[in-house]
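Read through the structure below, which is laid out as structure tokens, and then see the notes.
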Amino acid sequence: VQLQASGGGLVQAGGFLRLSCGASRIMFSAYDMAWYRQAPGKERELVASITTGGGTTYENSVKGRFIIWRDNFQDAVYLQMNSLKPEDTAVYYCSTVERDLRRWGQGTLVTVSS
């Protein structure tokens, strides 16, 4: 599988960004997808996930601010991030599990200034 994330950047607190992740070399619709993030000096954490059936889960701190969805025709997963806070600053990765291994895209940096 290849995962290509994009959409990161620098934004002021309260602003928004939309991350995109295109997948290739997999039957995308058959895979659960997720967004993770890793802030400097911290462990990588799950931000949001979406199942093949469209069920979603969110990390508590992003509930009500972030939305994950998928487009099985475009083989892509998205993360709309609203009301961004400085603590959302991190490298964001899209991810899936293929052949029992978690696979990662290259990450996209999100920086939220106060």
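The values are calculated or read from the model by the stated rules, or taken from the named source; none is laboratory data. As the structure is a prediction and not an experimental result, all values here were calculated from the model. In this analysis, Cβ positions are derived from the backbone assuming ideal geometry, glycine residues included, and neighbour counts consider all displayed protein chains. Accessible surface is based on the protein model in full, side chains and every heavy atom, while ligands, DNA and RNA are left aside. Shrake-Rupley method; radii C 1.70, N 1.55, O 1.52, S 1.80 Å.
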Could you pull out the residue among G8, G41 that is within 19 Å of V112 (Cα to Cα) and over 15 Å from the mean Cα position of the chain (by Cα)? G41
Please go through the range 20-51 and pick out each residue that is exposed (fewer than 15 other Cβ atoms within 10 Å of the Cβ), closer than 18 Å to D100 by Cβ and among the charged types (D, E, K, R). R25
For the chain, give me every one of the strands (runs of 3 or more DSSP E) that falls completely inside it and has 1 or more residues that are of a type in the set (F, W, Y). 33-38, 56-58, 66-71, 76-81, 90-98, 101-104
List the residue pairs whose Cβ atoms are under 6 Å apart, where the first residue sits in the range 50-78 and is at negative phi and touching a residue at least 40 places away in the same chain (Cβ under 8 Å), the second is outside any strand (DSSP E or B) and open to solvent by 40 Å² or more (accessible area, probe 1.4 Å), and the two are 6 or more positions apart or on different chains. N72/S29
Checked V112, V77 against criteria (of a type in the set (A, V, I, L, M, F, W, C), surrounded by 14 or more Cβ atoms within 10 Å (Cβ to Cβ) and in contact with a Cys (Cβ under 9 Å, 6 or more places away or on another chain)); the one match is V77
Starting from the range 1-26, take each residue that is closer than 14 Å to T111 by Cα and list its partners that are of a type outside the set (A, V, I, L, M, F, W, C) and open to solvent by 90 Å² or more (accessible area, probe 1.4 Å), counting only C-beta distances under 7 angstrom and pairs at least six apart or across chains. G7/R18; A13/S114
Checklist (1) open to solvent by less than 70 Å² (accessible area, probe 1.4 Å); (2) within 17 Å of G22 (Cα to Cα); (3) not charged (D, E, K, R) applied to L84, failing item: (2)
Here the residues within the range 52-82 that are among the charged types (D, E, K, R) and closer than 21 Å to V97 by Cα are E59, R70, D71, D75
